[in-house]
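Presented below is the structure to which this report refers.
The values are calculated or read from the model by the stated rules, or taken from the named source; none is laboratory data. Bear in mind the structure is a predicted one, so any value in this text is a computation, not a measurement. Please note: Cβ atoms are built from the backbone with ideal geometry, for glycine as well, and neighbour counts cover all protein chains shown.
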Amino acid sequence: MNTLLIIITVVAIAGVLLISLYNALVRARQRVREGWSGIDVQLKRRADLIPNLIETVNGYAAHERATFDEIVAARNSAATLNPSDVQKRARAENLVGQAIGKLFALAEAYPDLKASNNFRDLAANLDTVESEVQMARRYYNGAARDLNIKVESFPSNLVAKSFGFEQSAFFEIEEPADRRLPTVGF
């Protein structure tokens, strides 16, 4: 009788532990998805600002077609990628950021453009969106780190492997030069 009670107790404890570990992995995966959604929303906001920014700059610097084409190509490339491929999306969005940086550098050569209220408003909005992207990226990377720790740590790694949980990629800036935010001056 005592042996049966011990076996039932051990099985019950193991079952509760299994359920607890599984639920912790599910929560961590959902935080990663939530974080990615936050990044995606902010990147969409940035992409929506680009046409207005190009149009504003185009009015002052119409002959800078190559810069405009580079921004549009980078934006379109980022938009066509599979949203769940974090690493490819991060690389594409880094190219968008570089192109926008070139556009702001170009604006330095046009004092009338820098003085334009429309340009200044767009630049301020873009700066706000870039800050939001950074916050969303930090949240996502923290959630990805937490999930990755759970996927690798014992005993949750046994549950993760059994139920198909995988590590999440970080949303990173690859080039050290890309780590600097574009300077916006007026």
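Name the residues in the stretch 78-136 that are among the basic types (K, R), touching a residue at least 40 places away in the same chain (Cβ under 8 Å) and either loosely packed, with under 13 Cβ neighbours inside 10 Å or over 14 Å from F171 (Cβ atoms) (or both), would you? Scanning the stretch 78-136 gives K114, R120.
The set of residues from the stretch 10-46 being surrounded by 16 or more Cβ atoms within 10 Å (Cβ to Cβ), of a type in the set (V, I, T) and at pLDDT below 95 comprises just one member, I39. Scanning the stretch 145-172 for residues being surrounded by 13 or more Cβ atoms within 10 Å (Cβ to Cβ) and touching a residue at least 24 places away in the same chain (Cβ under 8 Å) gives a total of 14. When A47, A109 are checked against the criterion of being assigned to a loop (DSSP other than H, G, I, E, B) and either over 16 Å from the mean Cα position of the chain (by Cα) or of a type outside the set (F, W, Y) (or both), a single residue qualifies: A109. Considering only the stretch 53-65, I want to know if a residue exists there that is in a helix (DSSP H, G or I), at pLDDT 85 or above, surrounded by fewer than 20 Cβ atoms within 10 Å (Cβ to Cβ) and not charged (D, E, K, R). No; the residues of the stretch 53-65 include none that is in a helix (DSSP H, G or I), at pLDDT 85 or above, surrounded by fewer than 20 Cβ atoms within 10 Å (Cβ to Cβ) and not charged (D, E, K, R).
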